[in-house]
Amino acid sequence: MLFNAKRRNTNRQLTPMNKTPNLAELQGLIAAAGDRPGLTCEMPIILGDESSRVYHLAILCRRKQSESALSWWLYQGKEFEDRLALWHYDTHDIAIIHNMLLCSLDDQTSAGPERLDTYAATPAPAPKATIQAASTQVVNPPTPSSRDSFYGNLSKLPIEGVLQTLASSDLTGALKIHHNGAEATIFLKNGKVVHCLIDDISGDTAFLEVSLWREGSFEFIHGLESPMVSIQRPLQGLLLEYAAYADYRDYLCQNLIEYDSFLLSAHVSHDQYMSALAESVPVDSAKQLQVFETALNGTARLSDIICNLSLKRSQWAPIVFNLCKARLLKAIERPPAIMKAQTGQFPELMLPDLTSLRKALVRQDTGLLSYNAFVYFLEQERLRYETFHRSFSIIILRVIEQQNQSLELLGPDQMLEIGNRLTAVKRKSDLLCHFETIDLALLLPDMTEESCRFFLTRIRDTLRSKPLNFKAQQADTLVVALGHATISPGYESSEALIGMALQRRDESLDRQLVG
């Protein structure tokens, strides 16, 4: 009779510890590994006690067969066969490993004060309740591309800790981060952050968005040079700004203010308004008043306000924080009922039935405006720009499913679900149309370049939030390729706008398929 043999841990075990190891103890682990190639030593770390949750982690220090580099691994899980790899790094510098441990573990010991002075900013420790059991589903880290690769999971090693580790080693390369289907790249040169890119968004704006990602996987590729310099500020300043916006985000989440929330302003006098904001965070007072007045009737969502006023995160986040904390703004479940105007004094009009006209403009299989309708309304918006200088943008998107190295077009039910999700997040004045055969297009009146980029993120998050229907695979199998264009001098013709959006859509598609 045959039995399935249970995997046994044959690595050399050191004495378990109940705290984060210090530099001397890490040096002892290296000494235990000795000069024998291929020998693996483990230092178990048990945080907590038997009366509460027990975290059993192990560090592996292994000398490779053909070289002297030390390979370090951090695992989570009590049982050998079930434990999860949190990160892996090849280095002789135990200061780097020590700092990575401080970022990864819930430090309950005296090891914290030994943090080295070379790490200018203090890495945020992992939240006490975020270490998950081994059975919890986590994002698998990417396969390392070389012996120098450094990869892991953002839920275990926060991005600020990753960047400080790379900066302290004066490394040059690219940090690639994957989050809910989006990919960002942060370039470093000699330990200094010089460029950040998400799709075609770059610089400080892109870095701020990436810094707020708390889930996903990352991989650092050594030696990859940045194509440009879009960030001039030191990492310390960037992380301090990130910390402020993280506080704004957490406060707004506690008060149930999200992108889709309808906002309602309090009806107060000007003096009451100024008094309530006397000790608020410094912001553009004119923009703050605009946000307050826009939300007076409670019919605008936060995302609508951001788009209509063309606000960057660095503008709207502290403004909404100020107004909410001063009790001048709150989230409501639905817009208040609007009183209908008295119509008795006007003669009753017999308006024509538009059913036949709508049928001519809408594709019957999806209920969305046709490609011909998109081109017609695009030309009307272009004429308004020429006459009144009213800005507008377009977005062309293609959504396909990637399964086992093959690409599959979406079925009618899935396309209908995409249409429903886009209709839920777009403004009432925006037009959702077909574009040629398999693509969709959005025509966005009075939308600037900055607002359009914000809306791109909203679209991507909305489509990837869950599978399109019960027959679909996981949401992360969707490839969402987006391209946008905003009317501007030099791009004033319909052909130029469509051409720019198509080029950006194809670049987005290529990046995702290559990735």
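The values are calculated or read from the model by the stated rules, or taken from the named source; none is laboratory data. Small disclaimer: the values here were computed from a predicted structure and weren't measured. Cβ atoms come from the backbone with ideal geometry, glycine included; neighbour counts cover every protein chain shown.
A few comments on the model shown:
- Within the stretch 482-500, the set of residues being in contact (Cβ under 8 Å) with a residue 24 or more places away in the chain, touching a Phe, Trp or Tyr at 6+ places or on another chain (Cβ under 9 Å) and surrounded by 14 or more Cβ atoms within 10 Å (Cβ to Cβ) comprises His484, Ala485, Thr486, Ile487, Leu497, Ile498.
- Looking at the stretch 164-272, the strands (runs of 3 or more DSSP E) lying wholly inside it that each contain 1 or more residues that are within 21 Å of the chain's Cα centre (by Cα) and among the basic types (Lys, Arg) sit at 173-179.
- Meets criteria (out of contact with any Lys or Arg (no Cβ under 7 Å at 6 or more places or on another chain), among the charged types (D, E, K, R) and free of Cβ contacts under 8 Å to residues at least 24 places away in the same chain) for Glu279: yes
- Considering only residues in the stretch 153-163 that are within 18 Å of Ile94 (Cβ to Cβ) and either touching a helix residue (DSSP H, G or I) at 6+ places or on another chain (Cβ under 6 Å) or not in a helix (DSSP H, G or I) (or both), the one that is modelled with the highest pLDDT turns out to be Gly161.
- Odd one out for Arg363, checked against (1) free of Cβ contacts under 8 Å to residues at least 12 places away in the same chain; (2) more than 21 Å from Ser494 (Cα to Cα): (1)
- Just one of the listed residues (His195, His222) is buried (at least 20 other Cβ atoms within 10 Å of the Cβ) and either out of contact with any Leu (no Cβ under 6 Å at 6 or more places or on another chain) or at pLDDT below 85 (or both), and it is His195.
- The residue that is farthest from Gly223 (Cα to Cα), counting only those in the stretch 178-192 that are modelled with pLDDT of 90 or more and buried (at least 22 other Cβ atoms within 10 Å of the Cβ), is Ile186.
This table checks each residue for (1) in the same structural domain as Arg427 (by TED's automatic domain parsing); (2) hydrophobic (A, V, I, L, M, F, W, C); (3) in contact with a Cys (Cβ under 8 Å, 6 or more places away or on another chain); (4) more than 23 Å from Arg301 (Cα to Cα).
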site	(1), (2), (3), (4)
Ala174	no, yes, no, yes
Lys189	no, no, no, yes
Lys192	no, no, no, yes
Thr205	no, no, no, no
Leu212	no, yes, no, no
His222	no, no, no, yes
Leu238	no, yes, no, yes
Asp247	no, no, no, no
Val268	no, yes, no, no
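- Residue match in the stretch 464-475 (condition: touching a Gly at 6+ places or on another chain (Cβ under 7 Å) and modelled with pLDDT under 90): yes
- Meets criteria (over 15 Å from Thr486 (Cα atoms), surrounded by fewer than 16 Cβ atoms within 10 Å (Cβ to Cβ) and at pLDDT below 90) for Gln403: yes
- If you go through the stretch 312-339 and keep only what is free of Cβ contacts under 8 Å to residues at least 40 places away in the same chain and part of a loop (DSSP other than H, G, I, E, B), you end up with Ala337, Met339.
- Number of the condition not met by Phe454 [criteria: (1) modelled with pLDDT of 85 or more; (2) buried (at least 17 other Cβ atoms within 10 Å of the Cβ); (3) within 25 Å of Leu311 (Cα to Cα)]: (1)
- Any hit, the stretch 290-302, residues being within 20 Å of the chain's Cα centre (by Cα) and either touching a residue at least 24 places away in the same chain (Cβ under 8 Å) or under 24 Å from Ser202 (Cβ atoms) (or both): yes
- Filter pass, Gln272 being surrounded by fewer than 14 Cβ atoms within 10 Å (Cβ to Cβ) and more than 30 Å from Ala326 (Cα to Cα): no
- The residues on offer are Arg384, Arg398, Arg358, Arg421, and the sole one that is in contact with a Lys or Arg (Cβ under 7 Å, 6 or more places away or on another chain) and either among the hydrophobic types (A, V, I, L, M, F, W, C) or in a helix (DSSP H, G or I) (or both) is Arg384.
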